[in-house]
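All remarks here apply to the structure that follows.
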Amino acid sequence: MLVRLELDEAKQRLLFGFFETYLRLSEEEEAKPRHEVSQMETKEAKRVMELIVSYEQRGLEKGIQQGIEQGIKQGMKQGMKQGRQEGIEEGKLDVVKRMLAKGYDVDTIHELTGLPVEKIERVKG
């Protein structure tokens, strides 16, 4: 029916968007049109298959875009978490420097900050 309407690209996109949003098909329902296409005459079948393939291609592109966006969001969250951790670590190292300047011993600094002794020794240098 869509092929016979000879809709322009914008109207096809509008209809496909509607179908995609409100008329989700099961695998069985999606297989039925393909079977019907195999029963059509060659010229009309070719046009219908172009519609089906372009619809699938748009769905694939949309899925890829959503995946990219999701990956970016997850990457940003991970980056922010890592940045916070690095900031906390830098803050602790700053405290270690000040404690060393005031004469605290390495074991006391380790006990109060929770930093490994090796790291405190490196700051002490």
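Which ones in region 6-29 are in contact (Cβ under 8 Å) with a residue 12 or more places away in the chain and either more than 25 Å from the chain's Cα centre (by Cα) or over 15 Å from residue 62 (Cβ atoms) (or both)?
12, 15
Inside region 76-109, can you point out the residues that are over 42 Å from the mean Cα position of the chain (by Cα), assigned to a helix (DSSP H, G or I) and not β-branched (Val, Ile, Thr)?
98, 99, 100, 101, 107
Filtering region 18-56 down to residues that are at pLDDT 75 or above and of a type outside the set (D, E, K, R), which residue is surrounded by the most Cβ atoms within 10 Å (Cβ to Cβ)?
Among residues in region 18-56 that are at pLDDT 75 or above and of a type outside the set (D, E, K, R), the one surrounded by the most Cβ atoms within 10 Å (Cβ to Cβ) is 18.
When you check residue 112 against the structure, is it modelled with pLDDT of 75 or more, in contact with a Phe, Trp or Tyr (Cβ under 9 Å, 6 or more places away or on another chain) and surrounded by 10 or more Cβ atoms within 10 Å (Cβ to Cβ), yes or no? Break it down stepwise before answering.
On the way: modelled with pLDDT of 75 or more: yes; in contact with a Phe, Trp or Tyr (Cβ under 9 Å, 6 or more places away or on another chain): yes; surrounded by 10 or more Cβ atoms within 10 Å (Cβ to Cβ): yes.
The answer is yes for residue 112.
The values are calculated or read from the model by the stated rules, or taken from the named source; none is laboratory data. All values reported here derive from a predicted model rather than from experimental measurement. Methodologically, a virtual Cβ is constructed for each residue, glycine included, from the backbone with ideal geometry; neighbour enumeration extends over all protein chains shown.
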